[in-house]
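Heads up: the structure comes next, in structure tokens.
Please treat every number below as a calculation from the coordinates, not as lab data. Quick caveat: nothing in here was measured; it's all calculated off a predicted structure. Using ideal geometry, Cβ is built from the backbone for each residue, glycine included, and neighbour counts are taken over all protein chains shown.
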Amino acid sequence: MGTFSFWHWLIVLVVVLILFGGKGKISQIMGDVGKGLKSFRKSMREEEGASADNAAAADEPKALRAGADQNLDTTVRERDQAAKS
């Protein structure tokens, strides 16, 4: 059984059963810890999504956010004319 003897694996099995098995207080505590970790991961994912949305809005030029699309057309034409020259 690898480098550990039968007794080592038996002790590990007993500890795992005590922590996660049965209807005892310890198994309830370990279940609550698992639920807490799952909730923490979910909130971290939501926070990363919200911060990415805020960063994208901050990177956007102010003229586009204000809805000044008319100025954008003239700027593109001016740039194209300068490139042809």
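General remarks:
- Label-point separation, Phe6 to Arg79 (7 Å along Cα→Cβ), nm: 7.7
- Look at Met30, Met44 and count the other Cβ atoms within 10 Å of each Cβ; fewest to most, that gives Met44, Met30.
- If the chain linking Phe20 and Glu46 were pulled fully straight, counting 0.36 nm for each residue of separation and taking away their Cα-Cα distance, it would gain 6.4 nm.
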